[in-house]
1. For segment 194-247, what is the Kirkwood estimate of the hydrodynamic radius, computed as the reciprocal of the mean inverse distance between distinct Cα atoms, to one decimal in Å?
2. What does the convex hull of the Cα atoms come to per residue for segment 13-101, in Å³?
3. For residue 108, enumerate residues with amide H under 5 Å from its amide H, sequence gap 5+ or separate chain, H modeled in the peptide plane.
4. If the limit is 24 Å between Cα atoms, which of 176/276; 77/108; 252/312; 130/252; 77/252 go over it?
5. Counting only protein heavy atoms and a 1.4 Å probe, tell me what percentage of segment 164-291's accessible area is made up of carbon and sulfur.
6. On a C-alpha basis, how far is the centre of segment 148-166 from the centre of segment 307-336 in Å? Whole number, if you could?
7. Go through 179-188, 25-34 and give me the packing order, highest mean Cβ count within 10 Å leading.
8. List the residues whose amide H sits under 5 Å from the amide H of residue 290, counting only those 5 or more places along or on another chain, with H placed 1.01 Å from N in the peptide plane.
Amino acid sequence: MTLAPLLPGPLGFGTAPLGNMFRAIPGDEAAATVEAAWDQGIRYFDTAPFYGAGLAEIRLGDVLAHHPRDEYVLSTKVGRVILDESEDPAVRDLGEKGGLFEHGRPNKMINDYTADATLRSVEDSLARLKTDRLDIVWVHDIAQDFYGDEWLAVYESARTGAFRTLTRLREEGVIKAWGVGVNRVEALELTLDLEEPRPDAFLLAGRYTLLDHERALQRLLPAAAEQDVDIVIGGPYSSGVLAGGQHFEYQKASPEIIARVERIKDLARRHGTAIKAAALQFSLAHPATAAVIPGATRPSRIAEDVAALDEKIPAAFWSALREEGLIAPDAPVPAG
């Protein structure tokens, strides 16, 4: 199956920030943000044990428990098991993402993509999310940014463990769909080349945005479209730098990135366009893309995302981006 029929619309809500990514977020602010997403009509929520060592799942579950389960679509991830033991979140080895959730829970996390760990991870997530079922499960972060030269060995562990386990859960009707969720294209390209198991979709974070899309355009997105493997785009604001933040790729943005963002913003101003609208609509314009899931930690941001999706962007803006070399010549843009 493709994922599109399962999703309630093109806009979902990514909960990584609710795991205290970059900063400690008060619980009431996190809850109000999830409620704002619900009030704005968003019915697809994505989370993961990794986000604050279970914190995002707990916060999301606390709010969604008050809403009918049949009215929303829920996805989480496997690959990391949260233990009852403690560790210092600031010194975890997170590859290129060091310190990302240093304000999260102190529970120890272990990386494990085996069949047994996959089943345990699903059970633990159900408990934290206060629900009896998951709709979509992503195999999380089997790529270079977390595992460096070991990534292919980790990928192989997931292929023989998590991939096959999730395929069985899908066939048994326990989940509706599964896929791979990463910040790099190579693991997804590799998965498309497999005879089996066959995923339903991919979650690709940060690699199909206004700031970074050329690699994904070359092979991944055309191949995914050809094989009917839908792609959900995470991180459409490139870790926040396209929405007024200071981060790109989960770290402080470089002067070069900030300068590129300023060039895009300048063109947006000249064409009467909001940069958030340009970012979301660009990510959604490719035929392989099924949905986009920006994150937020403030309720007001949700209304901005919804408005950004509906904004009319003049064709001249996209032409200007092409002429300035700010988007790839062959990147699809929204019609009209």
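The values are calculated or read from the model by the stated rules, or taken from the named source; none is laboratory data. Nothing here was measured: the structure is a model prediction, and the numbers come from that model. Backbone-built Cβ (ideal geometry, glycine too); neighbour counts: all protein chains shown. These area figures cover heavy atoms from the full protein model, side chains too; ligands, DNA and RNA do not enter into them. Shrake-Rupley method; radii C 1.70, N 1.55, O 1.52, S 1.80 Å.
1. Radius from the Kirkwood sum: 12.2 Å.
2. Normalising the Cα hull of segment 13-101 by residue number yields 107 Å³.
3. Here the answer is 83, 85, 86, 87, since their amide H atoms fall under 5 Å of that of residue 108.
4. From 176/276; 77/108; 252/312; 130/252; 77/252, over 24 Å: 176/276; 252/312; 130/252; 77/252.
5. The value for segment 164-291 is 49 percent carbon and sulfur by accessible area.
6. Centre-to-centre distance over Cα atoms comes out at 37 Å.
7. Highest to lowest by the protection proxy: 179-188, 25-34.
8. So residue 290 has HN proximity to 231, 232, 233.
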